Structure formats: C-alpha cells, structure tokens
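The structure appears below as structure tokens.
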Amino acid sequence: DFKMKILAIDTSSKNAAVAILENQNTIIELNNDDEKTHSQKLMPMIDEALKKSNISLDDINLISCCLGPGSFTGVRIGIATAKAFSDSKNIPTFGVSSLEALAHNLNQDGLICSLINANNGNVYAGIFEIVQSQTIKSKLSFLSLKDSNGNISLNPLKTFIESDDELFNKYSNISFIGDGAILYKELFKQLIFKKPYTIEVCEENISTGISIGKIGYTNYKNGNYGDSSFLSPIYLRKSQAELALEEKNGIKND
C-alpha cells in the first residue's frame, strides 16, 4: 500500500506551522510564533522538519499549503515557498483555506463556523458542513460586526449562518472555533437564531499544520490536486495598500 508523504505549510497567522505527514499520520509538527517574520523562519523550519523526519524533499508526494485568509504578507510567503518547491521538484500541490483547517481541528462532524479576528470589529468567517472528515459544503465571507454606532453586534454573523436555508435547517447545533470566536465569546450568549440552536464556543485554537496536511491527503485521494498554479491566495478583502491606493485615486469603498 503506497504511503504518501505530505509537507504542510501554514503562514497565515503570526504562528508559522510546518508538518510532515505519512497519509493521515503526523511524522512531525513544528510551530513558531516568535516575533521573527515568516520570511526568516519558514525555510529553517522546513529544513528542520525534513532532517528530523530523516527524509528529503524528493520523498515528498504532495505539498499542502494554507491559502489564507489571514496576514497578507504571511500568506504570500507560504505560497511562494510551496510554489518554488513544487516547481523545482515537480511535486503536486493542494491549497486549503485557514478557515477550513480550523474547522477540521475539532475532529467532529456537523456544522462548524470558523472565525478569524481581522481587527477593528471585523472577522473572516467560514461555515462548514463536515461529514466523516470531509468538507461537504462550505461558505466563506469577510464580515464587519460593527454597527453604525461603532458597537459590536453578531447580527451580520447570524445573517451569514442563516442564509443557507437548507444547511441551516439540517442541524440544531453549531460549533464556533477560532480567535474570533474567543474574542466575542460573551456575545454568543445573546445570539438567537430563527430556530432553536445549541451553540458551542470551542477553545482549541491549535495551529492548523496537521489539519492542512490531512485535508490535502483527503483531496489528493479524491483526485483533487494540481501543479503550483493551483495555489493562489484567499484574501476575502482588500489589503491596506489596495485601499490606500483606491482612496488616493478617489475610488469610494463601502
């Protein structure tokens, strides 16, 4: 039985994560959230992971890379590194959203909503229906939770979750995960959906290197992978640089 080796890379948050898996089993996982930039720490981490696993890049059968959303710069560094390895060694790639990886951290089936803090009352939100470790359905969005008075309200999140009637009606409980869920934990007590729902806010905001590897493996088995051109960032919103340029050029943003 062919045992494939997967290199997983996540640089979407301030934590850089590198994992090497054999099929679904973790050989090694490294995390580094010191203040160094990803450009300084990613390559040494990959090098260390390969050395400690006693394998080389030539043994890697798939590179599974986090595409964001998250830090613009971080995401670009991870993708550029994955592309360079893929092109030089002709290794297939698969891209995973940081929101989906978070949802898979829970290792449970059902309806899961991942929330990543995007500062100033904004969150990146993802809704996932997970069945037997596979994502059946997903939806991603960038949400502003600030109302016109500058107060935080979970109404935009409620609307986002309820907007898929079929999926919403299928379940009666939902789990929230991510630093955005922790940040607004108190507000979830006031969240009332249009039908009774049990709400759970999960604390496992563990790094997603292993999840990214596992999701990559599942997709590879289903024939869902490609060359390095498969990897492009998921931003969900414009960068500060783009917004500044538009303001300078007189383009109004809502």
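The values are calculated or read from the model by the stated rules, or taken from the named source; none is laboratory data. Since the structure is predicted, the reported quantities are computational estimates derived from the model, not experimental observations. Note that each Cβ is placed from the backbone with ideal geometry, even for glycine, and that neighbours are counted across all protein chains shown. Heavy atoms of the whole protein, side chains included, go into the accessibility calculation; ligands, DNA and RNA do not. Shrake-Rupley method; radii C 1.70, N 1.55, O 1.52, S 1.80 Å.
Remarks
- Here residue 114 fulfils each of the conditions (1) touching a residue at least 40 places away in the same chain (Cβ under 8 Å); (2) more than 30 Å from residue 220 (Cα to Cα); (3) among the hydroxyl-bearing types (Ser, Thr, Tyr) apart from (2).
- Of all residue pairs spaced 6 or more apart or on separate chains, those with beta-carbon atoms under 7 Å, a first member in the range 44-73 that is more than 22 Å from residue 227 (Cβ to Cβ) and of a type in the set (Ser, Thr, Tyr) and a second member that is surrounded by 21 or more Cβ atoms within 10 Å (Cβ to Cβ) and at pLDDT 95 or above are 53/20.
- For beta carbons closer than 7 Å, sequence separation of 6+ or different chains, a first residue in the range 153-165 that is exposed (fewer than 14 other Cβ atoms within 10 Å of the Cβ) and a second that is assigned to a helix (DSSP H, G or I), there are no qualifying pairs.
- Within the range 216-240, residues that are at positive phi reach partners that are open to solvent by 40 Å² or more (accessible area, probe 1.4 Å) with beta carbons closer than 7 Å, at six or more positions or on different chains, in the pairs 236/140; 236/142.
- Test: residue in the range 56-64 that is of a type in the set (Ser, Thr, Tyr), closer than 24 Å to residue 114 by Cβ and open to solvent by 50 Å² or more (accessible area, probe 1.4 Å): no
- Condition check for residue 29: of a type outside the set (S, T, N, Q), assigned to a strand (DSSP E or B) and open to solvent by 60 Å² or more (accessible area, probe 1.4 Å): yes
- The set of residues from the range 118-137 being touching a strand residue (DSSP E or B) at 6+ places or on another chain (Cβ under 6 Å), of a type outside the set (D, E, K, R) and touching a residue at least 40 places away in the same chain (Cβ under 8 Å) comprises 118, 122, 123, 124, 125, 127, 135.
- Scanning the range 21-43 for residues that are within 15 Å of residue 76 (Cβ to Cβ) and hydroxyl-bearing (Ser, Thr, Tyr) turns up 37, 39.
- Picking from residues in the range 68-96 that are assigned to a loop (DSSP other than H, G, I, E, B) and out of contact with any Phe, Trp or Tyr (no Cβ under 9 Å at 6 or more places or on another chain), the one that is most open to solvent (accessible area, probe 1.4 Å) is 90.
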